[in-house]
Amino acid sequence: MAKITKRSEDYSRWYTDVIMQAELADYAPVKGCMVIRPNGYAIWEKIQSVLDRMFKETGHRNAYFPLFIPESFMRREAEHVEGFAPECAVVTHGGGKKLEEPLYVRPTSETIIWAMYKDWIQSYRDLPLLINQWCNVVRWEMRTRLFLRTTEFLWQEGHTAHATEAEAEEEARKILQIYRTFAEEYMAMPVIPGQKTEKEKFAGALRTYTIEAMMQDRRALQAGTSHNLGQNFARAFDVKYQDENGELQYVWATSWGVSTRLIGALIMTHSDDQGLVLPPRLATLEVVVVPIWKGDDEMSQMKEAAHRLADSWKGKLTYHVDDREGYRPGWKFNEWESKGVPVRVELGPRDLQRNEATLVRRDTGERTTVPQDRILEAIKDLLEDIQSSLFRRALEFREKYTFVVDGYDEFKEKIDEPGGFFLVHWCGDRACEDRLQEETKATIRCIPFDRPAERGRCLLCGRPSDGRVVAAKAY
Ligand SMILES: [Zn+2]
């Protein structure tokens, strides 16, 4: 088995090694694209199934819109086209002929969806319209990294239409709360919810909300965004509804999305030098059982005992009995560790004699011996404990590397080493934000929702500020 580079040696190689070793993804023959392999796709399916349920519980329904968007649609919303056109793939030929109008491969679907909403929305009775789509999108990236930034990626994009600004605002915030719950309770990844600055908001939005997570190299990763689009797309596509008084009004909109990038976030939040670490709630395989034997006589006995033990978990746990011959137990342990299986059960002749088994947790390597008649409960308890301790550990890590800083010199000293989240005062001026990025490569990640009111002076220009923002280097 190939070795995984240590995080301390080369973090970025470590990240790729973890992915390769766990067989989550591979580089595609097309530059900038990736193949998501079955182990990686299974994680995506888990993410999808949880989020899909959460969306449906809040009244959203799934639909599917075309991959191709007429160029003229893209051009209708000025900020939107300016933001996205440079990174779009454009189809100019089809069926061997030059097309009359070029077709953009969707970088996001606001335009084609709002072109349809014009037909579907006439009256206040048609609102709200709450639609989500699971699909792929293409953004022509120059510098790509598996899961984090690829030319084509998978995501969900919600697109909702509302009668009032207040409803659209409520929707955008409700979705961000769903993203936060998912990140914290399923991914075991603490996030800071907040608002993006004007500079960082979505092209065409009134306001963008985000959840920001800290990775193990202390960089920020934007894990999900939700946009209040105001009436921008309704105006661009002339989508009006008749209100209860018979007056025509423009519709209010939101859009929101998370992508396969979450898998990258998952890897960089929890994994270690042995490979992938998965929070149990997103692990497709919760337990692996490895029977241990010496001679052939022991082999059949131990194999049988392992299957007998695991068979009683059917429908209660996802498990696999690794009874392959010709591999040493230690080799198997390493392999399942690198694939991130949360709990390993070791069953040797002595365990069998005593009616016991040994449980090993992936996150800490800690071993415990349990009686076989209580093993199911013990595994269930262990899975819950791993889930909560992964979250706790990530939160402690984030807190350790979150700094309240008032001086620009101190900021510049610390931004590379140790790096982290910096809570700094900012006057709100774009010029200071640009300067921060130029001089330090850090960006303002968000204006946290729950920041306390606090008078201070802008880190860059010294003008007054009434609260702190989160600044960090980011993926
Ligand atoms: Zn300033």
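The values are calculated or read from the model by the stated rules, or taken from the named source; none is laboratory data. Just so you know, these numbers come straight off a predicted model, no measurement behind them. Cβ placement follows ideal geometry from the backbone for every residue including glycine, while neighbour counts extend to all protein chains displayed. Calculation scope for accessible area: heavy atoms of the full protein, side chains included, ligands and nucleic acids excluded. Shrake-Rupley method; radii C 1.70, N 1.55, O 1.52, S 1.80 Å.
Brief remarks follow.
Table: residues versus (1) in a helix (DSSP H, G or I); (2) basic (Lys, Arg); (3) open to solvent by less than 20 Å² (accessible area, probe 1.4 Å); (4) within 16 Å of the ligand (Cβ to nearest atom).
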residue: Thr369; (1), (2), (3), (4): no, no, no, no
residue: Arg374; (1), (2), (3), (4): yes, yes, no, no
residue: Ala378; (1), (2), (3), (4): yes, no, no, no
residue: Phe391; (1), (2), (3), (4): yes, no, no, no
residue: Glu417; (1), (2), (3), (4): no, no, no, no
residue: Leu423; (1), (2), (3), (4): no, no, no, yes
residue: Gln437; (1), (2), (3), (4): yes, no, no, yes
residue: Ile447; (1), (2), (3), (4): no, no, no, yes
residue: Val469; (1), (2), (3), (4): no, no, yes, yes
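- The helices (runs of 4 or more DSSP H) falling completely within region 282-360 that include 3 or more residues that are of a type in the set (Phe, Trp, Tyr) map to 329-338.
- Some residue of region 407-415 being open to solvent by 30 Å² or more (accessible area, probe 1.4 Å), in contact with a strand residue (DSSP E or B) (Cβ under 7 Å, 6 or more places away or on another chain) and not in a helix (DSSP H, G or I): no
- Candidate set from region 207-246 (those that are closer than 22 Å to Trp155 by Cα and not in a strand (DSSP E or B)); member that is modelled with the highest pLDDT: Met215
- In this structure, Pro291 does not satisfy being in contact with a Gly (Cβ under 9 Å, 6 or more places away or on another chain), on the phi < 0 side of the Ramachandran plot and open to solvent by 20 Å² or more (accessible area, probe 1.4 Å).
- Qualifying residue in region 397-406 (condition: surrounded by 15 or more Cβ atoms within 10 Å (Cβ to Cβ) and within 13 Å of the ligand (Cβ to nearest atom)): no
- Some residue of region 211-230 being open to solvent by 30 Å² or more (accessible area, probe 1.4 Å), closer than 30 Å to Pro418 by Cβ and in contact with a Pro (Cβ under 7 Å, 6 or more places away or on another chain): yes
- Qualifying position, being within 16 Å of the ligand (Cβ to nearest atom), open to solvent by less than 70 Å² (accessible area, probe 1.4 Å) and free of Cβ contacts under 8 Å to residues at least 12 places away in the same chain, among Gly365, Gly428, Gly462: Gly462
- As a summary of the residue check, Phe68 satisfies the conditions (1) open to solvent by less than 40 Å² (accessible area, probe 1.4 Å); (2) under 16 Å from Gln133 (Cβ atoms); (3) hydrophobic (A, V, I, L, M, F, W, C) except for the one numbered (1).
- From Lys46, Lys118, Lys56, residue being surrounded by fewer than 21 Cβ atoms within 10 Å (Cβ to Cβ), without any contact (Cβ under 8 Å) to a residue 24 or more places away in the chain and part of a helix (DSSP H, G or I): Lys56
- The single condition from (1) touching a Leu at 6+ places or on another chain (Cβ under 9 Å); (2) closer than 30 Å to Gln353 by Cβ that Glu212 fails is (2).
- Residues of region 297-321 satisfying the condition of being hydrophobic (A, V, I, L, M, F, W, C), farther than 15 Å from Asn355 by Cβ and under 38 Å from the mean Cα position of the chain (by Cα): Ala310, Trp313, Leu317, Val321
- The residues of region 13-27 that are free of Cβ contacts under 8 Å to residues at least 12 places away in the same chain and in a helix (DSSP H, G or I) amount to a single one, Arg13.
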